[in-house]
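These notes concern the structure reproduced below.
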Amino acid sequence: MLRKTAQTGRLSRILVQTGIHTFEEIQPRLERVLDAATADETELVWFERQRGCVRTDGPCQHDPPLLSVMVRVVEGRRLGWFRADTAEVGELENAVRHALALAKLEPQLGRRSLFPRRTDDSFVRDAQKLRDPAIEALDPATALGQLRDRCQTGERGALRWGTSQLTIFNSHGVRRHTTVTDISADVSSGAPDGAGFASASSRSLHGLGLQQLFDRARSLATNGNAGSAAPDKAWPPLRGVTPALLSPEAAACLLDVVNGYAFSGRAFLDGTSFLSQHRNVQVFDRRVHLRDDGSSDAGLPFPFDFEGSPKQPLELIVAGTPSTPALNRHQGHLAGMHSTGQSVGGGDSMFGNLFLQSGDAAGDDLLAAADGGIFIGWLERPVCLDPGHLTVRVTARGVREIENGALGRALPDLVWEDSLLRVLARVEAVGGEPVVRAMSTTPLGSISTPALALTGVEGLRPTDAS
């Protein structure tokens, strides 16, 4: 007997092939499965991805393609779903039967039509603008050569690249298909204490600007020794509220936490998101403006979500006031709100193309706004301790003092534990040069953000403090 927990199971079959399927291979398979389906509504979401990764100080890898086919059905106003990892028509038909059986265990929906209906296809982007043959042809040896040709002594780098394909067919006539490429680089220059960091993502190898990333990391590095100041000079970060300047890379890491724990549809419906109580209330500084735009070439554009709904520009935070979580059609119905077209599959929704609006503060203005505090160049290992207050613990690296409006001595890595509600309410200045990064919550898109000067951060301590 099938149990409800079987929804997270997968058909145990290993996909063995050297490249992702073409649309000409996918289309007839999905059409056959839809033709055989007996449910009131049926949706097939074919997601395929091939990834590679190289590091100058670690192993290289070129993963085989990963395939996931999400089957969702509505039968008798009940929703059932099942995930398969096979391209075989017979096993996909079995997945439909599994979804139908699991639907019987679910409560009835308030309406019958759940999946989108066929509309004008004009929003679908030209696939050639979203994929780069140079990335598709990239292999680990060539990618590693790209890094080593630019690395100087004491520098490190990592490249991650891939090709992703999303195809959506449903019984209402929706047919969506797009293939995209992406590449990301993380580089650092200098000794661990006092290193400069830089990162970026792009849809094309040329657009990544790898040499510019190394140049930016070098400009932020210092040859001084961490903690080299006189012993009687206390660290500013260990004394209460400290002004801080976050690099674009560090700001993107914090927005990644906000996206996952505050703006996801699941967090909103579960009541763990601060939006449950503070939607349409100004909780951030008025300089904070955040939007989602899957059509913008300034980020990593993607034309539709995992339900086939078109991505439309949407204001999420205006003058410090958050407005809406990400919602798929089912979540929108449960919340009594409209779908935002941000389904990521698996019953959840997430904004995938975030842009924090740039300001007009130049580098000197940002340093002056955080004078007497610290510069944080990189954040890693974020842990959300309290989603309702967005309390986060994260490791800060590339930390330097800011003295007389300039970067000063390097400080050792710090542990930073603070509420992002408080952090984003203390914005003093916003930079004018954004960085684009593919993050954990944006697997098909990115977060674009400039540097942020803050009037104060709290909860900083050395990494070896108890």
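What are the ³J(HN,Hα) values, in whole Hz, obtained from phi via the Karplus relation 6.51 cos²θ - 1.76 cosθ + 1.60 with θ = phi - 60°, for each residue of the stretch 71-76 in sequence order, with x given for Gly and Pro?
10, 10, 9, 10, 9, x
Taking R0 as 30 Å, what FRET efficiency do you get between residue 152 and residue 433 from their Cβ-Cβ distance, rounded to the nearest 0.05? Walk me through the intermediate numbers first.
Working: r = 24 Å, r/R0 = 0.79.
Between residue 152 and residue 433 the formula returns 0.80.
Mind checking the full-extension length gain between residue 134 and residue 295? Use 0.36 nm per residue of separation minus the Cα-Cα distance, one decimal, nm.
Taking 0.36 nm per residue and subtracting the Cα distance, the gain is 55.7 nm.
In angstroms, what radius of gyration and Dmax does the stretch 240-280 have, counting Cα atoms only?
Values for the stretch 240-280 (Cα only, Rg and Dmax): 13.1, 36 Å.
Each residue of the stretch 317-324 in order: what ³J(HN,Hα) in whole Hz does its phi give by Karplus 6.51 cos²θ - 1.76 cosθ + 1.60, θ = phi - 60°, with x for Gly and Pro?
Along the stretch 317-324, the couplings run 10, 10, 6, x, 10, x, 10, 9 Hz.
Looking at the chain from every direction and averaging, what is the projected area of its Cα convex hull in nm²?
The directionally averaged projection comes out at 23.0 nm².
Could you pull out every residue, at least 5 positions away or on a different chain, whose amide H is within less than 5 Å of the one on residue 345? Hs are placed 1.01 Å off N in the peptide plane, and Pro or chain starts have none.
Those lying under 5 Å, H to H, from residue 345 are 306.
Can you put 60, 253 in order of Cβ neighbours within 10 angstrom, beginning with the fewest? Each step should come with its number before you reach the end.
Details: 60 15, 253 26.
Listed from fewest to most nearby Cβ atoms, that is 60, 253.
Taking the Kirkwood radius as the inverse of the mean 1/r across Cα pairs, report the Rg/Rh of the stretch 4-207.
1.09
Please list, in order along the stretch 249-263, the HN-Hα scalar couplings obtained from phi with the Karplus expression 6.51 cos²θ - 1.76 cosθ + 1.60 (θ = phi - 60°), rounded to whole Hz, x for Gly and Pro.
Those phi angles translate into 5, 5, 4, 5, 4, 5, 5, 5, 5, 4, 4, x, 9, 10, 9 Hz.
Sort 323, 188 by Cβ crowding within 10 Å, fewest neighbours at the top.
Fewest-to-most Cβ neighbours within 10 Å comes out as 323, 188.
Bear in mind that the values in this text are calculations on the coordinates, not laboratory data. Predicted model only: the values in this text are computed from it and were never measured. Every residue, glycine as well, gets a Cβ built from its backbone with ideal geometry; the counts of neighbours run over all protein chains shown.
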